[in-house]
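The values are calculated or read from the model by the stated rules, or taken from the named source; none is laboratory data. Remember, predicted model here, so these are calculated numbers, not experimental data. In this analysis, Cβ positions are derived from the backbone assuming ideal geometry, glycine residues included, and neighbour counts consider all displayed protein chains. Surface accessibility is based on the protein's heavy atoms, side chains included, excluding ligands, DNA and RNA. Shrake-Rupley method; radii C 1.70, N 1.55, O 1.52, S 1.80 Å.
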Amino acid sequence: MSIKAVRGFKDILPEESAKWHLVEEVAREVFRGFGLSEIRTPILEKTELFARGIGEQTDIVEKEMYTFEDRNGDMLTLRPEATAGIIRAYIEHKLHGRGGVCRLFTMGPMFRHERPQKGRLRQFHQINVEILGSHSPLADAEVMWLAWQVLQDLGIEGLRLEVNSLGCPQCRPAHRQDLLTFLENVSGELCPDCNRRRKRNPLRVFDCKNQGCRDALRLAPLIKHYMCPDCAGHLGQALDFLEGVGIPFVWNPYLVRGLDYYTRTTFEIVASGLGAQSTVAAGGRYDGLVKELGGPDVPGVGMAIGVERLMLLLEDEVEQELADLFIAALGRDAREEVVPWLKELRAGGFIVQMSYEDKGLKAQLKQADRLRSRYVLIVGEDELDEEVLKLRRMADGAQEEIPLDEAVQRISEILGKESEDE
RNA sequence: GUGGGAGUAGCUCAACUGGUUAGAGCGUCGGGUUGUGGCCCCGGAGGCUGUGGGUUCAAGUCCCAUCUCUCACCCCA
């Protein structure tokens, strides 16, 4: 076998791209309604950006990044997520200095060197939203709403929005301390993984699927009992806003996120039918991140939708229209006569194709059929001699005669009329 | 990184306990219709059986390695 794509990297083939366009268009339409602006940042950044932003201790930074040395000795990394790069750009171009809240979206590929499985690729795509510069719980609610709305508008069903708060630097330490103590006492009942997590990132034990661990954690201290009044109020208000716009959610006090930078609100949208990777969108608040990356102390909230996972939930194939009209020109004279018509008809908004090769009528009709063209215009020697063309409707084979001198106009009328009927 | 399953025609899959020329459906190309698609009928092309080693008189089939796909763990969108 010759050269194949790199493991975990996938080609998006012509028959799939219409589905991608649909997803991207729906997302853009939703974002437009919320007044977001698009930002596009490079997929390559200095390694240090991700190390500081995502957290040195995370799996992503420790073992999943595509990192290499540039020719001048810089260490570079293919972005494993979008937020760090966007914040880098936000700081670098001093977008915070423009006043007001900065509300951004982006979409594009991310890279993580993990073992591929259902809903998990090494190059995958995300649709991201970041709202920078607001402490308001309304921003949190809007971010969740945005994610929910995109999925909703795509007609995806069976989704569940889970929300939690991770607290802030005021209330987190006390909880963390009590949780550590608790986990130490039940360490005998925890699985080896959880005992490992216990030291590195204690909150993650709540993610364990192991029944034994879940039983052991039943009485574990939860952040909700430790939240300071500000955090509790913040979460309460965010949830009130969600309720106000009729978005169903569940408060999952066990919900935790993997990235270090999250504070307060955190959420996931989970779907059934995705296998082990059930999260189709996720996000949360990251109030310390901008400062951590060298910018001013500006708060932020954001979310990411996993496009491939979303694609798995979108069952129906989206068919692309490939031709309204196929022009079957027979012979050199006919082809020369017809080429200017292509220009006019295409300018009129119609999808028009013709054969590159000088093939027989049968072959051209076959080609038109394969393109599912609605009509075929037949232009041969006879037609040119008589100055009357034939327009064949492919659905039933009915043919209509079209005078040569008003061909483009008549065809435009017929094609246009057909579209209106639909 | 760890574990299970799988790699045969463009696609979906056959080939009994190793045994002669690796088959079928779909697709594709051509013909039946020298200027009329789809449906039908007839015919053709297309394979170093993922790759490399090994066992054997003989390997698609057994063994080892490797790559890829897939599912799960881990982790995450």
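For chain A, relative contact order (Cα pairs under 8 Å, six or more residues apart, normalised by length) works out to 15 percent.
Once the C-beta distance of A:Asp207 and A:Glu157 is scaled by a Förster radius of 22 Å, the resulting FRET efficiency is 0.30 to the nearest 0.05. Pairs exceeding 25 Å between alpha-carbon atoms, taken from A:Lys19/A:Lys118; A:Lys343/A:Lys390; A:Lys4/A:Lys118: there are none. The heavy atoms of A:Ser373 present about 10 square angstrom of accessible area, all protein chains included, probe 1.4 Å. Computed extension length for A:Asp178-A:Arg28: 49.6 nm, one decimal, from 0.36 nm per residue of separation with the Cα-Cα distance subtracted.
Taking the centroid of alpha carbons for each part, the stretch A:105-127 and the stretch A:299-322 are 12 Å apart. Taking a ≥ b ≥ c as the square roots of the eigenvalues of the Cα gyration tensor, chain A is classed as prolate, since a/c reaches at least 1.5 and a/b is larger than b/c.
When the square roots of the Cα gyration tensor eigenvalues are ordered a ≥ b ≥ c, the ratio a/c for the stretch A:106-264 is 1.5 or more and a/b does not exceed b/c, which makes its shape oblate. Between A:Lys63 and A:Glu92, residue separation times 0.36 nm minus the direct Cα-Cα distance comes to 7.7 nm. Heavy atoms of the protein chains alone define the surface here; on that basis the stretch A:325-416 has 58 Å² accessible area per residue at 1.4 Å probe size. Of the solvent-accessible surface of the stretch A:325-416, computed with a 1.4 Å probe and all protein chains present, 45% belongs to carbon and sulfur. Taking a ≥ b ≥ c as the square roots of the eigenvalues of the Cα gyration tensor of the stretch A:325-416, is the shape rounded (a/c under 1.5), prolate (a/b larger than b/c) or oblate? Rounded, because the longest to shortest axis ratio a/c is under 1.5.
Accessible surface of the stretch A:61-184, 1.4 Å probe: 47 percent of it comes from carbon and sulfur atoms.
Each residue of the stretch A:25-42 is assigned a 3J(HN,Hα), and the resulting list reads 5, 4, 4, 4, 5, 4, 5, 4, x, 9, x, 7, 10, 8, 10, 10, 10, x Hz, derived from the Karplus form 6.51 cos²θ - 1.76 cosθ + 1.60 (θ = phi - 60°), x at Gly and Pro. Centre-to-centre, using Cα atoms only, the stretch A:134-210 and the stretch A:214-290 are separated by 6 Å.
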